[in-house]
Amino acid sequence: MNRLLPAPRRVTKGVAAALAVPFLAGLALLTLTPTRVEERMPNLLDLVLSTAHRIGWDWLDFTRLEILANVLVFVPVGIFAFVLMPRRLWPLAVLLGPAISVGIELAQRLALPHRAATVSDVIANSSGALIGVVLAVCCTLLFAPRARTTRTLEAS
């Protein structure tokens, strides 16, 4: 399997780590503060929904937008987990997204009474992380340089 999924280059890991730190800090600010996103940015949500309805996406309501946002915000978690984990442990990247999501929801349930901790958030977040891992695996399979193997013919 290591031949199919070669380890990322050192620079790729460095860039991923440099991006993962502020991303995860932003995720913590987004999810582990007392006020909900819709309270902090109601105009942004209204703008997104009105724009979606203007282009014909009448099916998109607040609940679906929230689910979609939960999926999309965790896609980078899966990508970062895949890139930053040692290649022999890459399947654990699939478990990291759900683990982070469960941790966030438990923190919201226990310490942030104004936040809604839900199983649907864990499912949406976990789906996003899984999509991220699948994208990272597919990109690795498509674009990663392969080690060339040369075969020598022996004279009989």
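The values are calculated or read from the model by the stated rules, or taken from the named source; none is laboratory data. Just so you know, these numbers come straight off a predicted model, no measurement behind them. As a convention, Cβ positions derive from the backbone with ideal geometry for all residues, glycine included, and neighbour counts pool all protein chains shown. Accessible surface areas use protein heavy atoms only, side chains included; no ligands, DNA or RNA. Shrake-Rupley method; radii C 1.70, N 1.55, O 1.52, S 1.80 Å.
Structure notes:
- A Cβ distance below 6 Å, combined with a sequence gap of six or more or placement on separate chains, defines the contacts here; from region 10-22, residues that are touching a residue at least 60 places away in the same chain (Cβ under 8 Å) and closer than 19 Å to Val73 by Cβ reach residues that are surrounded by 10 or more Cβ atoms within 10 Å (Cβ to Cβ) and not basic (Lys, Arg) in the pairs Ala16/Phe80; Ala16/Val83; Ala16/Leu84; Ala20/Phe80.
- Filter result for Asp46 (open to solvent by 50 Å² or more (accessible area, probe 1.4 Å) and either modelled with pLDDT under 90 or touching a strand residue (DSSP E or B) at 6+ places or on another chain (Cβ under 7 Å) (or both)): yes
- Test: residue in region 135-152 that is open to solvent by less than 60 Å² (accessible area, probe 1.4 Å), assigned to a helix (DSSP H, G or I) and touching a Ser or Thr at 6+ places or on another chain (Cβ under 6 Å): no
- Condition check for Leu4: in a loop (DSSP other than H, G, I, E, B), open to solvent by 80 Å² or more (accessible area, probe 1.4 Å) and under 28 Å from Leu89 (Cβ atoms): yes
- The set of residues in region 76-98 that are among the charged types (D, E, K, R) and either under 17 Å from Phe23 (Cα atoms) or open to solvent by 40 Å² or more (accessible area, probe 1.4 Å) (or both) contains only Arg88.
- Any chance Phe62 is within 27 Å of Leu112 (Cα to Cα) and in contact (Cβ under 8 Å) with a residue 24 or more places away in the chain: yes
- Matching residues in region 104-119 - criterion: being surrounded by 13 or more Cβ atoms within 10 Å (Cβ to Cβ) and in a helix (DSSP H, G or I): Ile104, Glu105, Ala107, Gln108, Arg109
- Evaluation of Val73 against (1) open to solvent by less than 60 Å² (accessible area, probe 1.4 Å); (2) modelled with pLDDT under 95 (one fails), failing number: (2)
- Residue in region 131-150 that is farther than 22 Å from Pro6 by Cβ and without any contact (Cβ under 8 Å) to a residue 60 or more places away in the chain present: no
- Qualifying residue in region 71-79 (condition: without any contact (Cβ under 8 Å) to a residue 60 or more places away in the chain, farther than 23 Å from Thr118 by Cβ, outside any loop (DSSP other than H, G, I, E, B) and not β-branched (Val, Ile, Thr)): no
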